[in-house]
Amino acid sequence: MKNVEDREFDREMKALASQISIPAGSLHGRSGTTLGRALTIAGAAVVLVAAIAVGAAINNARSAKDNAGVAPTPTPAVTVTASPSGAIPFPDYALIAGTINGLVYKVEAGQIRGSPVDVCHGQAVLAMHLSSSARSILVICGGTTEGQAVVLDTATLAQRWGPVAVIPRMDVGAWAPDERSIALLQQGVCEPQAPVCSVHVLLWDLASRSTRVIRPDEPLTFNVRWTVLGLSISLTQSPQSGTLIWDGQSWNRYSPHALWLADASGRALLVEAGTGNSGGRVWERSGGQELALTPSGTEYPLGIDGDRAIVWRDTPFTNSGVVVVYRGQREEREVPGGLCLAAQQIDRWLVCTTSGSAALAYSLDANAFAQQPITGLARFYVLVALPKSGQGSTPTATPPVSVEARIRAEAPSLSFRPLVPGDASADRVAVTSRSGGRDPRTGGDARLLQIELTDQVGALLALIIEGPAGCCLDYARPDAIPNVSIGARPIGHYDNVAVAFGGPIVWWVDGDAYVAVSSPVLGQDELLRIAASMRALP
Amino acid sequence: MSVEARWATLYEDSRPLLYRAAALMVGTAEAEEVVQETFERAMRSRNFFDEVREPVAWLRTVCARQALGRLRRRRVWERIRVRLTVVESTEPWEQAELAIALRKLPARDRVALVLRYYQDASYEEIGDALGIAPVSVGPLLSRARAKVREALA
């Protein structure tokens with residue numbers, strides 16, 4: 001029985017509580033971090049409360065201001081087709097798995113190969129990012145308050161660079177396309193009166209082992225990405241809420257939403273900015289127009305395939321979810337047995353970091369998930385798949401065969417006739433092929449040829465990318481200089497891109513091939529000289 | 001009714017109360033997390049609906065414990081000046097005098113007041129949530145109320 005004072009207190013407390021609005025559509029697992037999502041379901045004891053708290057705060061601060069400056073576009077018609085994914089074989093890639101215990105394993109055919117490497121020393125592996133040549137892996141380790149970034153050699157798992165302190169989240173590191181540097185989010189000043197600590201953006205130069213701040217302290221900075229659009233971050237606080245892209249000197253506003261991924265053509269998937277790195281409504285951006293895909297609730301972009309956008313949605317309170325494919329309409333497929341927490345696109349697959357006990361990979365061709373248990377690994381691991389052509393090779397282990405022979409070895413997988421640089425020394429050239437861009441003839445992913453020219457100490461001199469004509473850069477780039485003469489070759493285009501984005505670039509179409517030569521250290525004349533030396537593979 | 005349907009019903013019915021209670025205890029920023037944790041904990045039990053006679057009361061107690069745990073962890077972090085968990089109040093209700101006074105209370109006092117005066121929990125239930133004897137709940141509430149009154153004066 002409550003006395004008078006009790007009843008008064010009762011009334012005041014209930015009046016106060018009645019002012020608390022309850023967010024709609026929150027029937028989802030914790031989503032402050034990717035790991036948080038996994039831990040939620042796995043019931044693990046470790047909880048990244050700090051990041052989760054901030055993520056939740058940001059969620060609550062979510063508002064219509066995210067949409068400012070974007071022309072209203074209709075959400076695509078919703079057609080829900082719920083069906084279990086079919087049983088398809090798991091792709092035959094060698095994998096690297098990072099665990100919640102901080103160990104990193106090599107995995108082949110569902111079996112651990114060799115001994116694990118203790119990379120994170122008691123912290124969890126939060127994220128791993130393969131460099132574009134697949135020679136190195138950026139590993140983000142994190143505990144509750146501190147994190148670190150280290151770079152491993154893919155072949156040996158030996159540590160090559162690091163550690164560098166970072167915020168303990170999965171969205172804090174991104175490789176530069178030239179692999180010479182890495183962008184990181186690092187904790188800045190924690191003012192006693194400020195609600196959260198500040199964050200600054202670092203550029204970590206691997207060759208000099210030095211770092212420099214390229215964006216000063218600012219709270220609530222998320223999602224560092226280095227895509228074809230450039231180096232980007234997202235902010236959740238007005239008035240700059242949304243994505244900013246760095247041009248080497250300044251940060252320019254790209255979208256009121258947070259950029260998550262982009263394909264080679266610049267088509268991008270974004271998430272409402274107010275959620276930080278916690279997922280949310282997904283938007284698609286193409287040609288400067290943004291279209292809301294997610295009608296409501298929290299989704300996580302996984303990949304883009306032609307005109308399809310593939311995203312993930314957790315099923316509340318279960319260790320499963322649905323893959324949602326947007327192509328004009330919305331199609332859902334249930335995926336039992338784990339959450340796809342993040343995805344790495346490789347060839348025609350999206351390989352997931354998963355909360356489950358089996359590896360998950362989504363086939364873009366079959367529109368279905370494949371699963372494969374990994375013997376000896378417990379729940380939750382970060383996963384990257386290694387390109388087949390790069391398996392087991394290191395720069396020093398590259399056999400001393402001619403550049404032409406190495407390009408010829410890659411040629412069967414290419415849909416165009418590749419070109420060979422004329423005067424490159426075989427021991428200073430690395431040749432790999434990878435997926436990227438869009439093949440205009442097939443409508444699917446293009447297979448690209450990547451040729452790296454290095455100096456005596458292995459530093460990158462120039463990067464040559466070849467692909468099917470129409471795959472990649474177009475001629476309409478606003479800052480490009482058209483009609484550049486490349487010796488006797490077809491007319492090319494020159495763009496004085498900032499070094500941070502790979503440096504100046506010359507590109508042209510040669511028969512059925514697109515060829516681009518760029519360099520962080522060479523000037524226009526030297527680039528044109530390399531370009532002029534290139535000859536079609538006999 | 002299937003188990004899934006029972007969970008959905010329980011969630012729909014109890015979430016507003018739990019959310020508001022959690023918000024009063026830990027703030028809006030973490031309230032949803034506390035509610036999620038509470039349901040996750042419940043759903044780990046395979047036979048929850050068979051084993052738990054009063055599901056709402058069970059959720060209320062666990063929610064309070066989760067909130068208490070968070071408040072205690074927050075204190076530790078504040079002490080070591082890692083302030084990521086301290087989130088700026090952005091909701092109008094959090095600027096109300098009573099809300100400010102509640103935030104100044106020790107964690108246990110705050111949770112006890114919310115349980116008692118918002119959720120109408122019994123002394124036994126509050127004692128269970130806080131890990132103290134039911135006989136100690138009355139004096140605890142009395143002291144907590146006095147602190148609030150003092151803060152509001």
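Loop-located trypsin sites (Lys or Arg not before Pro) across the range B:36-75 with a Cβ neighbour count of 13 or fewer within 10 Å are B:Arg46, B:Arg53, with loop assigned by DSSP. Within 10 Å of the Cβ of each residue in B:15-28, the mean number of Cβ atoms contributed by other protein chains is 4.
Calculated [222 nm] ellipticity per residue, helices only, for chain B: -23500 deg cm²/dmol; basis is -39500 (n - 2.57) per DSSP H run with n ≥ 4, divided by all residues, nearest 500.
Around the amide H of A:Ala368, modelled in the peptide plane, lie the amide H atoms of A:Ser363, all under 5 Å away and 5 or more residues distant in sequence or on another chain. Inter-chain neighbour count for B:92-101: the average number of beta-carbon atoms from partner chains within 10 Å of each residue's beta-carbon is 3.
Residue by residue, the range A:291-308 carries 3J(HN,Hα) couplings of 10, 6, 9, 6, x, 6, x, 10, 10, 10, x, 10, x, 10, 9, x, 9, 9 Hz when phi is fed to the Karplus relation 6.51 cos²θ - 1.76 cosθ + 1.60 (θ = phi - 60°); x denotes Gly or Pro. The string of couplings for the range B:114-129 from the Karplus curve (6.51, -1.76, 1.60, θ = phi - 60°) is 5, 4, 6, 9, 9, 9, 6, 6, 6, 4, 4, 5, 5, x, 5, 5 Hz, one whole number per residue in order, with x for Gly and Pro. Under the rule a/c < 1.5 gives rounded, and otherwise a/b versus b/c splits prolate from oblate, where does the range A:416-455 land using the Cα gyration tensor? Because a/c hits 1.5 or more and a/b exceeds b/c, the range A:416-455 counts as prolate. Among the residues of B:115-122, the average count of other protein chain beta-carbon atoms within 10 Å of the residue beta-carbon is 4.
Compared with the dominant principal axis of the Cα atoms in chain B, helix B:28-44 is inclined by about 30°. Taking amide H as placed 1.01 Å from N in the peptide plane, A:Asp445 has its amide H under 5 Å from the amide H of A:Asp439, each at least 5 places away in sequence or on another chain. Is the C-alpha gyration tensor of the range A:295-366 telling us rounded, prolate or oblate? Criteria: a/c under 1.5 is rounded; beyond that, a/b larger than b/c is prolate, otherwise oblate. Note, shape of the range A:295-366 comes out oblate. Summing +1 for each Lys or Arg and -1 for each Asp or Glu among the other residues whose beta-carbon sits under 9 angstrom from that of B:Ala151 gives +1.
Computed over neighbours whose Cβ is under 14 Å from that of A:Val324, the net charge equals -1, Lys and Arg +1, Asp and Glu -1. Take every pair of alpha-carbon atoms less than 8 Å apart whose residues are at least six positions apart; their mean separation over the length of chain B yields a relative contact order of 23 percent. For A:Val484, the residues 5 or more places off, or on other chains, whose built amide H falls under 5 Å of its own are A:Gly492, A:His493, A:Tyr494. 3J(HN,Hα) along the range A:159-173: 6, 9, 9, x, x, 10, 5, 9, 6, x, 9, 7, 9, 10, x Hz, from the Karplus curve 6.51 cos²θ - 1.76 cosθ + 1.60 with θ = phi - 60°, whole Hz, x for Gly and Pro.
Of B:Ala21, B:Ala99, B:Ala31, the residue with the greatest mean-square motion in the GNM of chain B, using alpha carbon springs below 10 Å, is B:Ala99. Using C-alpha pairs under 8 Å with a sequence gap of at least 6, the mean separation divided by the residue count of the range A:139-254 gives a relative contact order of 15 percent.
Descending by average beta-carbon neighbour count within 10 Å, the peptides A:114-121, A:241-248 line up as A:241-248, A:114-121, the highest first.
Since every read-out is calculated from the coordinates, none of them should be taken as a lab result. If you're wondering where the values come from, they're calculated on a predicted model, not measured in any experiment. No Cβ is skipped: glycine too gets one built from the backbone with ideal geometry, and neighbour counts run over all protein chains shown.
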